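> Can you read through this structure? Questions will come right after.
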Amino acid sequence: MEGPPVSDTAASDLKPSFRSDVTVELVKHAATDSDVLWAARVSTAGEQSLDELQKDPERSKGLINYLMRDRHGSPFEHNSMTFFISAPIFVFREFMRHRVGWSYNEESGRYRELQPVFYVPSAERKLVQEGRPGKYVFVEGTEAQQELTGRVMEDSYLQAYEAYREMLAAGVAREVARSVLPVGLFSSMYATCNARSLMHFLGLRTQHELAAVPSFPQREIEMVGEKMEQHWAKLMPLTYAAFNANGRVAP
């Protein structure tokens, strides 16, 4: 959903720029492996999960692995992580497919003049799709295709942003003028989730050698997923290890 802006930098003070990366910052969290143990042992509430995690880590590891393996998912929901994400708009459109266990607040072009930052893929980004739907693969582009992609995208972005600024200068409302801007424009949002919802996201939006179920994510949202995964792995190492050991399938 749209919300108030997360930055007050005026776009009119900036020159158009182009990025091939994404930003993912963990801004706050309440997420530990002991949260999983505490929730799972509600029937024996007298046990102190944090103390037990420290005193008997193997038993705690075994319980978390059991919960993951047999898909007892609710104990993995009693935690929270909030990320600040800056990425192209088309990445956020894919993000919104994930609704259960997620909350979003994206910056809004109704309230601010949008900053002229646009996505252009790096040379490492595979450009060519081969095969039919359901059985296609992406392969490297030629130097000519890479040059064409960068040049055409930048020219298109500059033309669209010039039209946007022209309408603003004529007094057209921001919420109307933004319609000319492309989905390659960078936006930003806060995204809050729990470990269970994040595991479901990672199972669909990243490729991994340990995944029991293949996934075919668009590279740009996978870049976001990889950065989120790095943060989560440090917060909940036992849960993260169990996720990988059991085929990266959300419980």
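The values are calculated or read from the model by the stated rules, or taken from the named source; none is laboratory data. Keep in mind the model is a prediction, meaning the values are calculated, not measured. Cβ atoms come from the backbone with ideal geometry, glycine included; neighbour counts cover every protein chain shown.
> Hey, Arg248 hits all of (1) among the charged types (D, E, K, R); (2) free of Cβ contacts under 8 Å to residues at least 12 places away in the same chain; (3) not in a helix (DSSP H, G or I) but one; which does it fall short on?
(2)
> Specify which of the listed residues (Ala170, Ala191, Ala177) is surrounded by fewer than 20 Cβ atoms within 10 Å (Cβ to Cβ) and modelled with pLDDT of 95 or more.
Only one candidate qualifies: Ala170.
> If I filter region 130-153 for residues that are crowded, with 19+ Cβ neighbours inside 10 Å and either in contact with a Lys or Arg (Cβ under 7 Å, 6 or more places away or on another chain) or in contact (Cβ under 8 Å) with a residue 40 or more places away in the chain (or both), do I get at least one hit?
No, there is no match, as no residue in region 130-153 is crowded, with 19+ Cβ neighbours inside 10 Å and either in contact with a Lys or Arg (Cβ under 7 Å, 6 or more places away or on another chain) or in contact (Cβ under 8 Å) with a residue 40 or more places away in the chain (or both).
> Moving to a separate point now. Exactly one condition in (1) over 23 Å from Arg69 (Cα atoms); (2) part of a helix (DSSP H, G or I); (3) in contact with an Asp or Glu (Cβ under 9 Å, 6 or more places away or on another chain) is false for Glu222; which is it?
Evaluating Glu222 over (1) over 23 Å from Arg69 (Cα atoms); (2) part of a helix (DSSP H, G or I); (3) in contact with an Asp or Glu (Cβ under 9 Å, 6 or more places away or on another chain) leaves (3) as the failure.
> Quickly run through region 104-119 and pick out the residues that are among the aliphatic types (A, V, I, L, M) and either surrounded by fewer than 19 Cβ atoms within 10 Å (Cβ to Cβ) or more than 20 Å from the chain's Cα centre (by Cα) (or both).
Scanning region 104-119 gives a single hit, Leu114.
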